[in-house]
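Working notes for the structure below.
The values are calculated or read from the model by the stated rules, or taken from the named source; none is laboratory data. What you see is a predicted model; the values in this text were computed from it and never measured. Cβ: placed from backbone, ideal geometry, glycine included. Neighbour counts: every protein chain shown. Just so you know, the surface numbers come from the protein's heavy atoms only, side chains and all, with ligands and any DNA or RNA stripped out. Shrake-Rupley method; radii C 1.70, N 1.55, O 1.52, S 1.80 Å.
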Amino acid sequence: MSRRGPALMAPQRRHTLFFLDQIRAFAPVHLDTEVDMTAVRSHRAGSGRRYSTVSYVLHTAARVLADHPEANAAVRGRLRPRVTHYSSAAGKLTLDKALDGRRVVLGAVLHELDRATLDSVQDQVDTHRDSDPRTAPAFAPVRALHRAPWLPALLRFRKAARDLAARPAVTGTFAVTSLGHRPVDGFHSVGGTTITLGLGQTAERPVARDGQVTVAPLMRLNLTFDHRVIDGAEAADILAEVRRGLETFTGAADGDPTDAEDREPREQATAPAVADTEEAAR
């Protein structure tokens with residue numbers, strides 16, 4: 001029996017390895033809930049356009065984070081940690097791409113989502129989803145990392161990751177990643193941001209309504225937060241408001257889900273245990 005010896009890691013995987021190195025300092029905690037996607041499906045059916053589930057989540061989550069500035073932030077440092085808060089919400093979307101014949105995860109950042117319409121969000125999603133990673137300007141920094149020698153590329157990545165002012169352009173201020181196109185229910189991920197939302201599949205499941213059991217399209221929505229930046233109660237509020245925004249989505253006023261009159265009072269909560277995870281492909 002012949003056996004191949006060890007080989008160098010393919011350069012197309014460098015950015016993922018560098019990313020995993022960068023998030024070692026994170027303190028990830030994971031929450032999850034189920035979202036009734038009936039309102040989203042109804043809006044999509046009557047819209048005349050095929051909106052992606054990730055577009056609804058990006059659109060809704062950005063508006064929620066605009067009302068939670070403590071979570072729309074990033075931290076750096078251990079002995080004297082510094083926190084930077086951002087004035088707008090930029091969402092990183094992970095994409096399953098093929099680059100030079102190898103399947104890889106690439107991240108695309110969508111800017112100022114808290115002020116973007118759903119159509120604008122979908123336009124950006126379409127652009128990045130349909131782009132060629134070999135030539136698209138959005139992926140030029142990743143291609144440069146692949147071409148550079150290993151050590152200079154790693155040092156360049158670490159320098160960019162340490163720059164809190166550049167974080168919105170590099171990693172976004174929150175992340176959305178999905179495996180909903182596969183038979184995956186729960187998906188916990190660390191996207192390099194204080195808040196990461198992981199989407200599972202939407203499937204017909206039994207639910208109780210008005211004392212009766214019926215069937216509805218449910219999606220598992222997972223939220224991972226960096227415990228260095230916020231606590232469990234704040235993260236639970238964000239998850240609840242994103243869920244409520246999706247479950248009441250009508251498109252009115254561009255679907256703004258965060259009417260202060262509709263918010264539930266905040267309660268203290270104990271954060272769950274920390275678990276390690278890594279970013280996966282959409």
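Looking at the square roots a ≥ b ≥ c of the eigenvalues of the Cα gyration tensor of the chain, which shape do they give, rounded for a/c under 1.5, prolate if a/b is larger than b/c, or oblate?
In terms of gyration-tensor shape, prolate.
Over 16 Å, how big is the tail of the calculated P(r) for the stretch 1-66, in percent of all Cα pairs?
73 percent
Mind checking the per residue accessible area of the chain for me, 1.4 Å probe, whole number of Å²?
For the chain, the solvent-accessible area averages 52 Å² per residue.
Rounded to whole Å, give me the distance from the Cα center of the stretch 177-192 to that of the stretch 214-236.
13 Å
Sort the following peptides by mean Cβ neighbour count (other Cβ atoms within 10 Å, averaged over residues), highest first: 114-126, 145-157.
Taking the mean over residues of other Cβ atoms within 10 Å, the ranking is 114-126, 145-157.
Between Asp185 and Ala144, with labels modelled 7 Å along Cα→Cβ, what's the label distance in nm to one decimal, could you check?
4.5 nm
May I ask which residue of Ser42, Phe26, Ala73 lies farthest towards the positive end of the charge dipole of the stretch 1-101, with charges of +1 (Lys, Arg) and -1 (Asp, Glu) on Cβ and the Cα centre as origin?
Result: Phe26, furthest along the dipole toward the positive end.
Please work out the FRET efficiency for the pair Arg50 and Arg80, using the Cβ-Cβ distance as r and a Förster radius of 41 Å; give the result to the nearest 0.05.
The pair Arg50/Arg80 has a calculated efficiency of 0.25.
Suppose the chain between Leu20 and His111 were pulled fully straight at 0.36 nm per residue; how much longer would it get relative to their current alpha carbon spacing?
The span from Leu20 to His111 would gain 30.4 nm if fully extended.
Given contacts defined as C-alpha pairs under 8 Å and at least six residues apart, what's the relative contact order of the stretch 50-139, whole-number percent?
28 percent
Relative to the longest principal axis of the chain, what angle (0 to 90°, nearest 10) does the C-alpha long axis of helix 118-130 take?
Rounded to the nearest ten degrees, it is 30.
What angle do you read, to the nearest 10 degrees and between 0 and 90, between the alpha-carbon axis of helix 232-247 and the longest principal axis of the chain?
Relative to the chain, helix 232-247 is tipped by roughly 60 degrees.
Determine the gain in length on full extension of the stretch Asp96-Asp231; use 0.36 nm per residue of separation and subtract their C-alpha separation, reporting nm with one decimal.
Stretched out fully, the Asp96 to Asp231 stretch lengthens by 45.5 nm.
Residue separation times 0.36 nm, minus the C-alpha to C-alpha distance between Val213 and Glu34: what's the value?
Between Val213 and Glu34, full extension yields 62.8 nm more.
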